[in-house]
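These notes are about the structure you will find just below.
The values are calculated or read from the model by the stated rules, or taken from the named source; none is laboratory data. Computed from a prediction, not measured in an experiment: that's the story for all the values here. Here the Cβ is made from the backbone with ideal geometry for all residues, glycine too, and neighbour counts use every protein chain on show. All accessible areas refer to the heavy atoms of the entire protein, side chains included, with ligands and DNA or RNA removed. Shrake-Rupley method; radii C 1.70, N 1.55, O 1.52, S 1.80 Å.
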Amino acid sequence: YGSTLALELLRIDPDGIRSSIIDGIAPVDYPDDFAAYGKIFTRALTQLQMACNDDEACRDEFPDMAGDVRAAMSTVREAPVVIEDAIDPEAFPSGSATFFHDSIGGLAFISLYGSRTYPNLPAMIAAAKAAAEEGSLDERMRFLTGMSGDVFGDFAEGMSIAVTCQLGWNDNAADARAADVAAYPELSGIVSTDVLNKTPELCREFGLLARETTPLDTDVPTFIANGQIDPITPPEFAEYILPGFSQAQYIEVPYAGHGPTADDETCMSDVMRAFLDAPTDELDMTCLEEEIEAPAFVGPMWRTQGVTNVLADSFDEGKKGLLLGGLGAISTLGFVVLTLGGLARVANPSDYSVGADMGGGRTLTWLATALVAGGLGTVAYGAYSLSETLPFALIFGLPGYTRWGAVALVVAALPALLALFQLVRHLFAPRLPVGTFFGTLILNVAVVGVVAMAIMVGFAPWAG
């Protein structure tokens, strides 16, 4: 932890430091309940639930996030997620992969780190519980077996243990584990008891013994910040070190997670700049205390498996995603061309050939391609926006509004089929240009193809 390094530097060389800014506090002399993962996980979920409860719609839809996480973990604990046909043979040489309850709880835990995830997090948790109970996690998580590297990010566990051994954290973690498991039997399961119990033995085996340390006592002007919903270094840890700072200014940033000083969506940078300019002056932190708004929580997810199916297929060197995208591109391009052509005919009605309309076929084709363009655009935007804020949620579906995009896709088949019917009826019309015939044929076949592929991969509005 950077904050641990900062505290040690303050201890070692206070005369060489004019001022300091620390957030996400991990004290060198950790409290006894360090690594009480169930406790701090529950605390973070409770804080998020309190924010959700202030929003009537969120409170009604997601009344018990901690209970949903416990239920999902309990379901997977009893029946781990087994994927018999793992995609990457190098990562899974046996051909199968198993995800345990810690993976499901870990998704929620990791997602609590940054405040950008909070608007979608209650919906993701509810969708995860539903997916666990319906037994669809094996299908939804299969694409993860095709990802290179660590699914949950690169983490040098050996290096981490080597450092924490010398800080003495591992001994504290093992001691606190039994009490944490007893108090929070399910949520404490995001970390293995075996790992925590064996780590102190590894520390001693490799001679990585804890260094003796004492609580820090410094008069270096320091700005200390902690996120209200920080799931790994909660505000209690910051409050623990405060007595050792005679010139500290502290704020618990509302609705913030781990590392609030890095949040570029608040006035934090202005507050830090003011502190660095005059570290002994009293800071005006009104903007952080009063102007940060609660998360704009969203409603339930559309629990489609379309995204995960397309990803799994692509990692498996399939072409379904490419085919869907290609047909969608043809349809969207047709919509643009037909729209511009329609505007041109309005501007120059004398150049418009009535016979070439094929009994409304041109209008039907425009409507079909418009529905595809709008539907695919809605689904694609929902997937993109979720991937930018809470990518793990894609395992469980898409934002609720994207279901309307799927509805538009399915409805597009009707005008497309009617347009093809009209095309056949007017096949030998004397004023039907060859270009109009083939253009209409290609566009409507593409629309029907998009609808068929969308349903095949799991984007049907009734799916999920």
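Considering only the Cα atoms of the stretch 317-464, their convex hull presents on average a projected area of 10.1 nm². Compactness ratio for the stretch 12-147: Cα radius of gyration over 2.2 N^0.38 Å (N = residue count) comes to 1.35.
One compactness figure for the chain is 1.26, namely its Cα radius of gyration divided by 2.2 N^0.38 Å. Kirkwood hydrodynamic radius computed over the stretch 365-420 comes to 11.8 Å, based on all pairs of distinct alpha carbons. For the chain, a simple Cβ point-charge model (Lys and Arg +1, Asp and Glu -1, everything else neutral) yields a dipole of about 3160 debye relative to the Cα centre.
Label zone of R18 (point 7 Å out along Cα→Cβ, amide N under 18 Å): in the stretch 266-282 this covers 270-282. Which GluC sites (Glu not before Pro) in the stretch 272-303 pass both tests, a DSSP loop state and at most 10 other beta-carbon atoms within 10 Å? Answer by residue number: E282, E291, E293.
Between the residues I229, P14, L376, the greatest Cα displacement towards the positive end of the dipole of the chain, with unit charges on the Cβ of Lys, Arg, Asp and Glu, is found for L376. Accessible area per residue for the stretch 376-464, computed on protein heavy atoms with a 1.4 Å probe, is 47 Å². Rolling a 1.4 Å probe over the protein heavy atoms gives the stretch 12-144 an accessible area of 42 Å² per residue.
3J(HN,Hα) along the stretch 440-452: 5, 4, 4, 5, 6, 5, 4, 4, 4, x, 4, 4, 4 Hz, from the Karplus curve 6.51 cos²θ - 1.76 cosθ + 1.60 with θ = phi - 60°, whole Hz, x for Gly and Pro. Taking the Cβ of F315 as the centre, find all other residues whose Cβ is under 15 Å away and add up their charges (Lys, Arg: +1; Asp, Glu: -1). Net of charged neighbours comes to -3. For the stretch 73-230, the carbon plus sulfur part of the accessible surface works out to 53%, probe radius 1.4 Å.
Highest mean packing comes first when the peptides 401-412, 91-102, 224-235, 43-54 are listed by Cβ atoms within 10 Å, giving 224-235, 401-412, 43-54, 91-102. Per-peptide packing, taken as the mean over residues of other Cβ atoms within 10 Å, places 384-393, 417-426 in the sequence 417-426, 384-393 from highest down. Applying the Karplus relation 6.51 cos²θ - 1.76 cosθ + 1.60 with θ = phi - 60° to the stretch 54-69 yields 3J(HN,Hα) values of 6, 10, 4, 5, 5, 4, 6, 7, 10, x, 8, 5, 4, x, 5, 5 Hz, where x marks Gly and Pro. Each label was represented as a point 7 Å from its Cα along the Cα-to-Cβ direction; for D270 and R11 these points are 3.7 nm apart.
Histogrammed with a bin width of 10 Å, the alpha carbon distances of the stretch 1-58 distribute as 19, 31, 24, 19, 6, 1 percent, first bin at zero. Solvent exposure of the stretch 173-289 amounts to 50 Å² per residue of accessible area, where only protein heavy atoms count and the probe is 1.4 Å.
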